[in-house]
Each structure stands twice: as C-alpha cells, then as structure tokens.
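Presented below is the structure to which this report refers.
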Amino acid sequence: MRTLTILFCGSVLVAGVLGGPSASASTNRESIEIRVPEHRRSSRSSSSVSGRRHEMRVFESEEGTPMLTNRPEKYRNQPGLVEVELDYDPIVVPDRLRRLSQRDRHSASDLADLVSHYCRQYVLDEALVFAIIRVESDFDPRAVSPAGARGLMQLMPATAEEMGVSSIFDTAQNIAGGTQYLARMLELFDDDLRLALAAYNAGPATVRQYGGVPPFRETQNYIRLVKQYADLYEREGIDGLDVSPGTTGLAHQEREAPEDSTFTVHFHSGLSQIADSVAEKDTYYHLEYRGRTIPVRKDLVSRIEEPA
C-alpha cells in the first residue's frame, strides 16, 4: 500500500475526495491523500494516455469545498486555499473497438472484448464489470433510468461530461467511462468493494456522509446483486451468456416521476439531467437529486431550467 498526493479527475471522484470534511482535510491542510494499492498505482502509471485536455487545477478551501479551474494563478495566492494536483485519463477508444462498438447488436464475445480492454487498463475484474452491467441496465445499451443515467453502465450525464464521454450511448465509450469511474471508486475507498459499489450507486459523497454503506434499500440490494452476479460469472464465465437487452436492470425499475420542483440542467452536448437543487460553488454547479450530489463544471452547462 502506498499513499499518493494525487487526484484523479471525473466529477464524482473530485467531489468524493474534496466535497466534505474529513480527518485528513482537518488535520493536514498541506495535502489530500488517497490510498492506492500498489498494483493499481503501477498499472495506471504505465498506461498513461497522451493528449490530455487543457490542464486544470483543483483548490480546496478550509471547509473542504473543491474548486476546479484552468486559471490557477487566480487562486494560488489566496489564503485558506490549498492547490491539489489533478490528473485524469481522457476517454480513448481504439479503432478496433470503435468499429465493434457501432454494431447494432452485441454478442457476449463483443462485450467481452470491450470489457477486457478497459479492465486491463483500469485493473478491474471482468466478472465484476459484467455484473454491474447486468444489474444496472440488463445489457440494454439504450437504457435510461428515471434519474437520467444512461447506457450499459448507467453513466449520469454530468459524470459523463466530466470524464470526456462524447457519446454516452456508444457502447465502448460508456464502458470506458463506467470502468474508469469504478476504478476511481476503488482507489478512493482503499479497494473496499462494498464501499466502492455503494459509491457507484449512491455517490462517494453519500458514502462518506454515512461513514459506510448508506441506509438506502436500493444501494444495499445493489451491492448484494452485483456481488452475486460477479461470483456467478467468475465461476461459470461469460461464454454463451445471453446478453440480449432485457428489462430487469435498475434502469428499468419504475420510480416516482420527477416532481414539478425539479431543475433541468442542459449540457452543451445535448444531454440533460434533473436535480432537486443546484448550488453554485466557484467553477462548479453541484446537482443534488434524491440525496446524491454530482458536481459538474459550469463550462459544460448550456442552461439551467428552473422549476415551473
């Protein structure tokens, strides 16, 4: 185990690390620490991707509020702010996988090629990723949840925007974004699978708020089902697995319709996301929906539609 003073991008991870007070934040203002297992750290270092987007920096206030900016000179000399180095992997889809991703229907072998590629990149277990896809969307690449999560791995639009996913329903990009986000959650929670899965479902800030798995029935069932399917796929493999789009994933469950009091956040990409509240914090909007908070950079938002 090794302690690194590095932050990985992806909206929810930034919020999870910096979004609220923590022991490290209150006792040591000089660094933000993430414990990353050695095997994960080594793999990520060796698989660094060139061609990163414009360089961004994160500054943390004494209250633990994250501020992401491409104008670091504006904040470096302000008292009470600590600069944190930001590193992130852009979404890259090799030509071979791009062609595979564009097929109308995908076999278990097709998905295995896609999942295997990104599991190698992010040091993940393939059975676990297949289990998440099964529970989230039931292999429906066009699935949209009532909360607005989309695709096989059910990426929220704000998270997809932050991670550089340009086409959220593209199978390869969705899996690339979902696996990178899962890897971030495992890094953030010291490879604790239960906490990482809870964060994938409910958001890392929520896990931190409750000091563990939050008391949400959906999240607790989610962890149980993902682990159950991961064990199954580990034992029996995915050869011959029926990956025809089904309707039993979380994305297909009926939930209450959004209330008239919800905001609708529209992104430049054309995607949108609903929120119970929207709070401005420096270069971010913090979108809260049913107890879960997702930060998104203001420059990604085209407009915010207020409740009627």
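Taking other C-beta atoms within 10 angstrom as a stand-in for reagent exposure, T262, T171 fall in the order T262, T171, fewest first. Per residue, the average separation of C-alpha pairs within less than 8 Å and at least 6 apart gives segment 107-228 a relative contact order of 19 percent.
Neighbour counts of other Cβ atoms within 10 Å put H117, H266 in the fewest-to-most order H266, H117.
Please enumerate, by chain and number, the lysines with C-alpha under 19 Å from the C-alpha of K74, excluding those fewer than 8 residues away in the same chain. Those lysines meeting the cut-off are K281, K298.
Amide H to amide H distances under 5 Å link L155 with R150, where only residues 5 or more positions off or on other chains count and H is placed in the peptide plane. As a proxy for reagent exposure, D276, D260 were ordered by neighbouring Cβ count within 10 angstrom, fewest first; the result is D260, D276.
Per the Kirkwood definition applied to all pairs of different Cα atoms, how many angstroms is the hydrodynamic radius of segment 95-252? Answer for segment 95-252: a Kirkwood hydrodynamic radius of 15.5 Å.
Read the figures in this text as sums done on the coordinates, not as results from a lab. Quick caveat: nothing in here was measured; it's all calculated off a predicted structure. In this analysis, Cβ positions are derived from the backbone assuming ideal geometry, glycine residues included, and neighbour counts consider all displayed protein chains.
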